[in-house]
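Asks: The structure follows.
Bear in mind these aren't lab numbers, they're just calculated from the coordinates by the rules spelled out. If you're wondering where the values come from, they're calculated on a predicted model, not measured in any experiment. Note that each Cβ is placed from the backbone with ideal geometry, even for glycine, and that neighbours are counted across all protein chains shown.
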Amino acid sequence: MNLRPLLILPPLAIGVLGFVWMTRQGQPPAAAEPEATVAVRVMEITPAAIAPSAEGYGRVEPAHRWSAVSEVEGRISGLAEGLAEGSFVEAGTVLVEVDRTDYDLTVQKTEANIAAAEAALAEIDRKEANTRRSLEIEQRTLEVAQTEYDRVQSLVDSGASTQSALNTAEKVLFAQQNALTNATNTLALYPAQRASAEATLAVRKAELAEAERALSKTTIAAPFWGRVNELNVEGDQFIRTGEVLLTLDSAAAAEITAEIAPRAFRNLALASVGGQLPEGALVDTSRLGTLMEDRGITAVVSLDVAGITARYDARILRLRGTVDSETGTIGVVVQVDDPYIANGASGRPPLNPGSFVTVTLIAPPLPDAITVPRTALHLDDDGAAFVYLSDADQRLELRPVTIGPALGADVLVTDGLSGGETLVLSVPSPSIPGIRLVPVSAGGDD
């Protein structure tokens, strides 16, 4: 067996091993793996004064609207000069006059009836006085007749006179007694006659008051300074009782019922007054407006006209007290004084009824308040709120926080942040606590 060809294997193996050894000696050592980083947008948390607010929407309505309803009928004899829809009238201005001829005549007839009733009453008083004097005369006459009868009776008894003379004296006595009785009865009737006459006089006076009242209703005057909203009458027109002649809107003030979501209203109240209603308290919604103003809550009405926003100071009046069945909102009624007075310098146009406006309720500023954007707030599996922070070493930190009401696009943080922290706005991926961050400011600068 020839083994010579196999002798080449050992040198070949040694050469391969040497080549491998020499090749490995020339390679550099392996480098360490770089640490993972995550680029995130950040902002610094700075405490600041925050004014909580709530917005609602509604339409402008006059604070008072008065309808002139005809209480008499007749022909229109006069209208206020320049009276038309949209015109302004001062308080006390005579707006409509109805022909008063018939009503003047009624007053005159009633006054004549009163004079007649007073004359009848005076006549009764005079008759009563005369009857009293006649009664006194009849009484004295009766006494004389009684004396004469007694004298004749004594003469008859003594035989100095006849029975015929006694009978005559008795007839005179009876006649005088009857006359006295008649006078007494007549005098007794006068109180009833006087009562009847006084009642008649009272009726006539009531008729006069009614006639004068009807006469006064022929003139219709403006009860307050306002603007004519609707006019339904013309000169010389015949009107009947119950017709609506015109409507007048108060120019002194306008009201807006702003529809505000209950949560926004509650957040506003809690953020501004920092308290709750006492247990078992009876809530008088008509006084809540005053309570809100006492706590410093103010109202501003905004009107958008041709791309320009006009603002009007308002006063909180009351809460409607009911929740709208369709929108689930609560009505807050605010009032704007002098809504029709324009201000060219401030770009404030008249606030006309029917305008759709925004009502903003503003609470006193909360000092050193901390807010974070809603998008930077997160919830864990248990529903607890937390935020992402970048610590001093630019590493990710999860910080639990306690939140308050939402203020627009931000959320009030009541605990967990003190200011000066670096808030991570974007969501890190992966969101591993301690991972190194590459902060990018919200404005785009590193």
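Asks: Only one of these conditions is not met by G86: (1) touching a residue at least 40 places away in the same chain (Cβ under 8 Å); (2) at negative phi. Which number is it?
Replies: G86 satisfies all of (1) touching a residue at least 40 places away in the same chain (Cβ under 8 Å); (2) at negative phi except (2).
Asks: On to the next question. Just checking, which of G159, G74 is surrounded by fewer than 16 Cβ atoms within 10 Å (Cβ to Cβ) and at positive phi?
Replies: Details: G74 fails: surrounded by fewer than 16 Cβ atoms within 10 Å (Cβ to Cβ).
Result: G159 is the single residue among G159, G74 that is surrounded by fewer than 16 Cβ atoms within 10 Å (Cβ to Cβ) and at positive phi.
Asks: Taking interchain pairs and intrachain pairs at least six residues apart, which have beta carbon atoms under 9 angstrom, with the first residue in the stretch 213-226 and farther than 20 Å from T101 by Cβ and the second among the charged types (D, E, K, R) and crowded, with 16+ Cβ neighbours inside 10 Å?
Replies: Taking only residues 6 or more apart or on different chains, the pairs are G226/D249.
For (1) exposed (fewer than 15 other Cβ atoms within 10 Å of the Cβ); (2) over 30 Å from E111 (Cβ atoms), each residue gets a yes or a no:
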{"residue": "Q193", "(1), (2)": "no, no"}
{"residue": "S196", "(1), (2)": "yes, no"}
{"residue": "A214", "(1), (2)": "no, no"}
{"residue": "D236", "(1), (2)": "yes, no"}
{"residue": "E255", "(1), (2)": "no, yes"}
{"residue": "A258", "(1), (2)": "no, yes"}
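Asks: Condition first: out of contact with any Leu (no Cβ under 9 Å at 6 or more places or on another chain) and among the hydroxyl-bearing types (S, T, Y). Now tell me which residues in the stretch 297-326 satisfy that.
Replies: Of the residues in the stretch 297-326, the ones out of contact with any Leu (no Cβ under 9 Å at 6 or more places or on another chain) are 302, 304-308, 313-315, 317, 320, 322-326.
Matches in the stretch 297-326: S302, T322, S325.
Asks: Scan the stretch 359-367 and give yes if some residue there is under 17 Å from T414 (Cβ atoms), free of Cβ contacts under 8 Å to residues at least 40 places away in the same chain, surrounded by 15 or more Cβ atoms within 10 Å (Cβ to Cβ) and not small (G, A, S), otherwise no.
Replies: No, the conditions are met nowhere in the stretch 359-367.
Asks: Quick test of your reading of the structure: T371 fulfils all but one of (1) out of contact with any helix residue (DSSP H, G or I) (no Cβ under 8 Å at 6 or more places or on another chain); (2) not in a strand (DSSP E or B). Name the failing condition by number.
Replies: Among (1) out of contact with any helix residue (DSSP H, G or I) (no Cβ under 8 Å at 6 or more places or on another chain); (2) not in a strand (DSSP E or B), the lone unmet condition for T371 is (2).
Asks: Going by what's in this entry, would R318 be described as surrounded by fewer than 16 Cβ atoms within 10 Å (Cβ to Cβ) and among the basic types (K, R)?
Replies: On the way: surrounded by fewer than 16 Cβ atoms within 10 Å (Cβ to Cβ): no; among the basic types (K, R): yes.
The answer is no for R318.
Asks: Do we have any residue at all in the stretch 68-77 that's touching a residue at least 12 places away in the same chain (Cβ under 8 Å), farther than 26 Å from R227 by Cβ and among the small types (G, A, S)? Working first, answer last.
Replies: Going through the stretch 68-77, the residues touching a residue at least 12 places away in the same chain (Cβ under 8 Å) turn out to be 68-77.
Now narrow it down to the ones that are farther than 26 Å from R227 by Cβ: 73-75.
Next, from what is left, pick out any that are among the small types (G, A, S): 74.
Yes, because at least one residue in the stretch 68-77 is touching a residue at least 12 places away in the same chain (Cβ under 8 Å), farther than 26 Å from R227 by Cβ and among the small types (G, A, S).
Asks: Filter the stretch 299-314 down to the residues that are more than 16 Å from A54 (Cβ to Cβ) and not in a loop (DSSP other than H, G, I, E, B) and list them by number. Even if it seems obvious, please write down each step before you answer.
Replies: At the first step, the residues of the stretch 299-314 found to be more than 16 Å from A54 (Cβ to Cβ) are 303-313.
L303, D304, V305, I308, T309, A310, R311, Y312, D313 - these are the residues of the stretch 299-314 that are more than 16 Å from A54 (Cβ to Cβ) and not in a loop (DSSP other than H, G, I, E, B).
Asks: Identify the residue in the stretch 190-211 that is touching a residue at least 12 places away in the same chain (Cβ under 8 Å) and hydroxyl-bearing (S, T, Y) and, among all such residues, is farthest from D102 (Cα to Cα).
Replies: Result: Y190.
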